[in-house]
1. Filter the stretch 132-143 down to the residues that are under 26 Å from residue 65 (Cβ atoms) and either surrounded by fewer than 20 Cβ atoms within 10 Å (Cβ to Cβ) or without any contact (Cβ under 8 Å) to a residue 40 or more places away in the chain (or both) and list them by number.
2. Do any residues in the stretch 144-168 that are within 25 Å of residue 127 (Cα to Cα) have Cβ atoms under 6 Å from those of residues that are in a loop (DSSP other than H, G, I, E, B), where the two are at least six apart or on different chains, and which pairs are they?
3. Within the stretch 290-297, is even one residue under 25 Å from the mean Cα position of the chain (by Cα) and either in contact (Cβ under 8 Å) with a residue 40 or more places away in the chain or within 16 Å of ligand 2 (Cβ to nearest atom) (or both)?
4. Quick check on the stretch 141-154. Is at least one of its residues in a loop (DSSP other than H, G, I, E, B), in the same structural domain as residue 99 (by TED's automatic domain parsing), more than 15 Å from ligand 1 (Cβ to nearest atom) and on the phi < 0 side of the Ramachandran plot?
5. Restricting attention to the stretch 160-209, report how many residues are under 19 Å from residue 110 (Cβ atoms) and more than 13 Å from ligand 1 (Cβ to nearest atom).
6. Can you name the helices (runs of 4 or more DSSP H) wholly within the stretch 250-321 that have at least 1 residues being out of contact with any strand residue (DSSP E or B) (no Cβ under 6 Å at 6 or more places or on another chain) and under 24 Å from residue 130 (Cα atoms)?
7. Here are some conditions: (1) in contact with a strand residue (DSSP E or B) (Cβ under 9 Å, 6 or more places away or on another chain); (2) modelled with pLDDT under 95; (3) surrounded by 20 or more Cβ atoms within 10 Å (Cβ to Cβ). Residue 179 meets all but one. Which one does it not meet?
8. Using the structure shown, decide if residue 35 is modelled with pLDDT under 80 and either crowded, with 16+ Cβ neighbours inside 10 Å or within 22 Å of residue 86 (Cα to Cα) (or both).
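The values are calculated or read from the model by the stated rules, or taken from the named source; none is laboratory data. Source: prediction; values computed, not measured. Note: ideal-geometry Cβ built from the backbone for every residue, glycine included; neighbour counts use all protein chains shown.
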Ligand SMILES: Nc1nc2c(ncn2[C@@H]2O[C@H](COP(=O)(O)OP(=O)(O)OP(=O)(O)O)[C@@H](O)[C@H]2O)c(=O)[nH]1
Ligand SMILES: [Mg+2]
Ligand SMILES: [Zn+2]
């Protein structure tokens, strides 16, 4: 119970929305906020509404939002979000704001990693300038060859690359280190072991994990809601349900090469400016590809995405006519 001396005084505090559910926003005050009557040791979360914000600013609060809130109700931990502070960024899926980085988790095996989906993710995050930590989990099921193979593919992809086993608890500390004091969104296909890894990171059974469906060999989408989880003091992550596809929003084919670091670095060697690196003669990127300096898997994803984006643009132009 929070008791304040003068219930008539509106006090604004600063905090962050860590959970959104059924029209309520659960706000954790910033560490240096002193809230009268609040037990100092345990971090308290205030259940808030967001009366008026949407009408006033046409903005819906998101998990991760930094906000001002007040405690106008007298006697309990209820309050009202009065202002959403400027967002550093936000994601549509999951719906979350102010993300510092993404932890992208794939399994080395079961389910077999789909590099196309993985690359889609890396491109999406890079287009939002969100740094990526790429983890291949279940390395207890893999061999040295698998690991070296992925090292070769993602060495120059502009990500931090790690291998873990949530089952055998290996590689966990390395990941934990990278999450310290950050807000990290977790993504990866169903069954990759996201929830298992989060449990291993926090040392607690925070998330329920699922067996792989015997029929499909994939996970069962055990995780459903969106919430910030504090795995240790100051390190927040957000676990999301697995996904099986991902669409790009607002990307242009012409700019796609800048989202593949290992391609981007060679584009100044192309004969034509604006080279798509697919059919043009004198393409520096394709030269480097044939020399083995660009992984063919990554180039393959580039071509696939390029064509996809070009087709979207084409159909948009056609429908305008
Ligand atoms: N061998 C092995 N199995 C693992 C490992 N990590 C997780 N698993 C198993 O893989 C299955 C799926 O794990 P989850 O943690 O539920 O996967 P998830 O990515 O959270 O799946 P969704 O919530 O459906 O997106 C479970 O049966 C886990 O026990 C690992 O490192 N090695
Ligand atoms: Mg899960
Ligand atoms: Zn080129």
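1. Listed by number, the list holds a single entry, 132.
2. The qualifying pairs are 153/295; 162/171; 163/171.
3. Yes, the conditions are met somewhere in the stretch 290-297.
4. The answer is no; no qualifying residue exists.
5. 0
6. 261-264, 296-320
7. Residue 179 satisfies every listed condition except (2).
8. Considered against the rule, which asks whether it is modelled with pLDDT under 80 and either crowded, with 16+ Cβ neighbours inside 10 Å or within 22 Å of residue 86 (Cα to Cα) (or both), residue 35 comes out as yes.
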